[in-house]
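Below is one structure, written out as structure tokens; the observations come after it.
No value in this document is a laboratory result; all are computed from the given coordinates. Note that the coordinates shown come from a computational prediction; the quantities given were computed from them, not determined experimentally. Backbone-built Cβ (ideal geometry, glycine too); neighbour counts: all protein chains shown.
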Amino acid sequence: QPHGGPRPAGGGYAGNGAAGPQGSSGPAPGGSGADIPPEPIAEFFRETLAALRDSLRVQDWPKPARIAVAALGILAVIRVLGSPGGEDFLGFAFLLAVGYVVYRGIRAHLIRKDMQRYAPTTPSSPAAQQVHTVSTPVPPATRMAASNPPDSHPDGIRRPWRRRQQSWQTAVRHHLRSMSWRDRSSQLLGSMVVAAVVGTLATLFAGTFAGPRPEAEIYLWMAIVTIAGSWAVLIPAKLCEGHIEDQAPLRFAQLLGGAIVGFIAFGVAAALMLQLPTSTDFAPGPWDSLSGEFFRSWDQGLSEQIRGTQTATLAPQMHVAYFAFLLLLLRWWRMAEVTRPTRVSLWSIAWAGFIGWGLTFFWWYPQPVGMLTAIAIAFTVQISSPWMSSTRRTEIAEEAVA
């Protein structure tokens, strides 16, 4: 037989976003490891490292140079772990690794359950299997063309969703509305687990720009606030998925979520006895913002603390107001939409950082910590949110009119 096994007409597993090539066997009913889509976090770092190796042409380096670079990297890691706060960093990395392993297990379990649900039925009899195997897959558009008269709606046969004036966005929206609360909650739980892992990794990079010599406490504070901020975006976006006709409820939910994030930011800073680093060269001081009169009359010691130590100890209302405004001003749910054009938009990340920095001119907040936290939240939300490929969008649009 030219086929490796029975294959249903019209493609393979619907959740993969594309059918396999003709002549290859379809996914088994139980699902196999080869059929599971690549994990987004590992795939992102794999592609980034591959692009970095290609740009540096590591394969052309002589072997002694590679060994020297590897040795320097190992020495740098040992130096970081031996510095003050290295033990905390190592323990934090261990917890991160454990969380990632748990996330991989949950993700694989949920995907296998979906594959079992949508797996094709294998013919039981040998005769039916032979007939089913030799049948040629028929595209959905061909089946629709055969069911219509040859002289009716020739343009609509080629693009049936346009004939009915139904875009793929509408079809996907109906598909999302039909999701059960069980599937919706399982997707939300998976996204929140991914956000915890990605948010921690993002702050390990962003925290290096928080000050001249950032301590371990600032990394921990930024990680917790980033995770809380991403959850404050993911939860209302997932609950309202497919029903976003009015933005007012979502913005109000994000306002409340931002206030909760502000309380968390204050509580963590107080528990760690953390003074947030700030730079008057990067952004204006509290006395120069539009709300400067409020800060001048409310806390006289804040200005002296910033001028003397380049750090700030903030009251709870300062955290609450900043993050409430930050989550209110941006349409964060667009970054979590399944139908967004790309999985990660650098423009959205840059815009979130600009708003996080520009907001300090209205309501002062230590910078660049505020801007870096906004960037980390935007990146985390997009990486952890499900994304639908263009092939899967076309399939859903065709199924809607089949």
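The Phe282 and His109 beta-carbon pair, evaluated with R₀ = 51 Å, returns a calculated FRET efficiency of approximately 0.65. Between the amide H of Leu276 and those of Ala312, Leu314, distances stay under 5 Å, these residues lying 5 or more places away or on another chain, with hydrogens modeled in the peptide plane. For the peptides 205-216, 64-75, 356-367, the ranking by packing is 356-367, 205-216, 64-75, with the highest mean count of neighbouring Cβ atoms within 10 Å listed first. Amide H of Gln367: which non-local residues (sequence gap of 5 or more, or other chain) have their own amide H closer than 5 Å, using H built in the peptide plane? The list, which skips near neighbours in sequence, is Ser279. Rg then Dmax, both in Å and based on the Cα atoms of the range 347-399: 16.5, 51.
Taking R0 as 41 Å, what FRET efficiency do you get between Ser185 and Ala68 from their Cβ-Cβ distance, rounded to the nearest 0.05? Here the calculated transfer efficiency is 0.20.
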